[in-house]
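Visitor: Here you go, one structure.
Quick note: the coordinates plus some simple rules give every number you see, no bench work behind them. A quick note: this is a predicted structure, and the numbers were derived from the prediction, not measured. Positions of Cβ are generated from backbone atoms using ideal geometry, with glycine treated the same way; all protein chains shown enter the neighbour counts.
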Amino acid sequence: VTLTDHHRPDLDLAALVEDYRVHRDVYLDPRVFEVEMDRIFSTTWVYVAHTSELPQAGDYKTTTIGRAPVIVTRAEDGAIHVLYNRCSHRAATVCQDPCGNSSYFRCAYHGWTFRNDGSLIGATFSDGYGSSFDRTRFGLGVVPRVDVYRGFIFASMAAEGPSLVEHLGNAREFIDFRCDAAPEGELVLRSGTHRYSYPFNWKLQLENGVDAYHGNFVHQGYFSRIPAMSQVQFAKGQSVGVSVDLGNGHGLLDSRDDLGELMGLVSGFGPGADEYRRRLLERVGEDRFAEIQRSSGEALNLSVFPNLLLIGVQVRVVFPRAVDYTEIELYPTFLAGAPPEYNEARLRAHEGFYGPAGGGAPDDLEIFRRVAEGMKVPGMEWVDLSRGRFREREEADGRRVGHVTDEVPQRAFYRQWRRSMVGQA
Ligand code: FES
Ligand SMILES: [Fe+2]
């Protein structure tokens, strides 16, 4: 696994990630980025959209899987398709809008037109192609595997590989908690999209989304203004919460034992809360109700390899654009079946920390900028990820568990990164 070019010495991918530290070239070397596009984003399951974004026949959304532009559509028969956004004639993208509704896509270059299931309706001035032209061979490319878990649509550019359920593995339980908080058992992603970017490597966001250590310092000011926070050991040195390597690169912060009933209390206040709780209780029964209440919001942060995060009420998607440039899409969720005023209040609370002028998220971006700057120092080659290595334990089912502030989820990510990039654990 050695790549060469004439500017730099050989790049040995296997040597870049050790068990408890990561070489800075993992974040800085454009050749590493190229290989990531090939060996991670072209092979694994990647989240592309949520079914609630495409409720009607004809609805579509454009996004990317790694570098490849794709269109996620709901065809007339209700089936979901993930199509490459690439004209089968001379490669122009056929759809330019982030989302919309249309039963066909017409390429602006020479006018070829495709149905929303990808099939070619017609090539313009078709007599120029003669009688042997086979329309069925000129549909839009189809991403070979598409599957849906609880409304989350994933696609894989590889025809073969583990199933989506196998890939999600232990992460499913925590996706379930988010969905089961809705009286109708589903999330709804229709409150709008918050997009932003930062000038550094995409993996930093995956590390930080399940990092309980930093909140004490980066978000100190914010948390100090929330009175309830002084009454709980949330993600502190003395917390009893855990961080978990769920396997397959997925990571978890579990603060349920620190927050206890607090999460349930939070959901019990505010507009529409009584009605929300009544509807949820009716559907799930008392035991599951209590479990869901404890397991909501900030009590659980989940990262799904390679680029999906469930944090608070949001779905966050990380888009690597270049080795040193990353775009983020953040979708605050509504709970299907909850009173509108309850969903509204949930959204307002989300904005307080994560919004463009929120008390939290902008501070993380400033830290990313500082990390990018510091990484330029030559001769200091390693980023340390050893926190808690002496107290990490492995459970019977393979999960690795450490203290909530330990770097267990970051090590989980790089374990899978290494498996994908060089084929060894
Ligand atoms: S590139 Fe699309 S019609 Fe020519
Ligand atoms: Fe943060």
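Visitor: Which of the listed residues, Ser267, Ile311, Gly241, is farthest toward the dipole's positive end in the stretch 236-317, when Lys, Arg count +1 and Asp, Glu count -1 at the beta-carbon?
Guide: Of Ser267, Ile311, Gly241, it is Ile311.
Visitor: Ok, one more. Do any cysteines of the chain lack a neighbour Cys whose Cβ is under 4.7 Å away, and which are they?
Guide: Cys95, Cys99, Cys179
Visitor: Sticking with this structure for a sec: Hey, could you grab the Kirkwood Rh for the stretch 298-425? Inverse mean 1/r over distinct alpha carbon pairs, Å, one decimal.
Guide: 17.6 Å
Visitor: Straight-line reach from Lys61: which lysines fall under 23 Å, measuring Cα to Cα and dropping same-chain residues less than 8 apart?
Guide: The qualifying lysines are none; the list is empty.
Visitor: If you take the beta carbon distance between Ser119 and Glu166 as r and set R0 to 25 Å, what does 1/(1 + (r/R0)^6) give as a FRET efficiency, to the nearest 0.05? Working shown, then result.
Guide: Working: r = 31 Å, r/R0 = 1.23.
Calculated transfer efficiency: 0.25.
Visitor: Tell me the trypsin sites (Lys or Arg not before Pro) within the stretch 1-107 that lie in a loop according to DSSP and have at most 15 other beta-carbon atoms within 10 Å.
Guide: Qualifying residues, ordered by number: Arg67, Arg90.
Visitor: Counting only Cα atoms, I'd like the Rg/Rh figure for the stretch 91-157, Kirkwood definition for Rh.
Guide: Values: Rg = 14.4 Å, Rh = 13.8 Å.
That ratio is 1.04, to two decimals.
Visitor: With +1 on each Lys and Arg Cβ and -1 on each Asp and Glu Cβ, how big is the dipole of the stretch 1-90 about its Cα centre, in debye rounded to the nearest 20?
Guide: Approximately 300 debye in magnitude.
Visitor: Per residue, what volume in Å³ does the Cα convex hull of the stretch 70-214 take up?
Guide: Residue-normalised Cα hull volume stands at 180 Å³.
Visitor: Taking the highest mean first, how do the peptides 45-55, 107-117, 302-312 order by number of other beta carbon atoms within 10 angstrom per residue? Can you show the working numbers first?
Guide: Working: 45-55: 21.5, 107-117: 17.6, 302-312: 24.3.
Listed from highest to lowest mean packing, they are 302-312, 45-55, 107-117.
Visitor: Which lysines, if any, have their Cα less than 20 Å from the Cα of Lys376, not counting same-chain residues under 8 positions apart?
Guide: By straight Cα distance, Lys376 reaches Lys203.
Visitor: Related question: Residue by residue through the stretch 114-119, what is 3J(HN,Hα) from phi via Karplus (6.51 cos²θ - 1.76 cosθ + 1.60, θ = phi - 60°)? Round to whole Hz and write x for glycine and proline.
Guide: Those phi angles translate into 10, 5, 6, 9, x, 5 Hz.
Visitor: Based on the Cβ-Cβ distance of Glu366 and Ala91, what FRET efficiency does E = 1/(1 + (r/R0)^6) give at R0 = 35 Å, to the nearest 0.05?
Guide: 0.35
Visitor: Right, next: How large is the direction-averaged shadow of the alpha-carbon convex hull of the stretch 190-253, in nm²?
Guide: 6.8 nm²
Visitor: Another question, if that's okay. Which value in nm describes the separation of the simple spin-label points at Glu291 and Ser131, placed 7 Å from the Cα toward the beta carbon?
Guide: Computed distance between label sites Glu291 and Ser131 equals 6.7 nm.
Visitor: Please identify every one of the chymotrypsin sites (Phe, Trp or Tyr not before Pro) in the stretch 353-420 that sits in a loop by DSSP and has no more than 11 other beta carbons within 10 Å of its own beta carbon. Before the final figure, lay out the partial values.
Guide: Numbers: sites: Phe353, Tyr354, Phe368, Trp382, Phe390, Phe413, Tyr414, Trp417; in loops: Phe390.
Loop-located and lightly packed - Phe390.
Visitor: Would you work out the Kirkwood radius for the chain? I mean one over the mean of 1/r across all pairs of different Cα atoms, in Å.
Guide: For the chain, inverting the mean 1/r across all distinct Cα pairs yields 23.0 Å.
Visitor: Over the Cα atoms of the stretch 278-366, Rg to Rh with Kirkwood Rh, two decimal places?
Guide: Rg/Rh: 1.04.
Visitor: Hull surface divided by four, with the convex hull built on the Cα atoms of the stretch 150-261: how many nm²? All intermediate terms of the calculation are to be shown ahead of the outcome.
Guide: On the way: hull surface 40.2 nm².
Projected area, direction-averaged: 10.0 nm².
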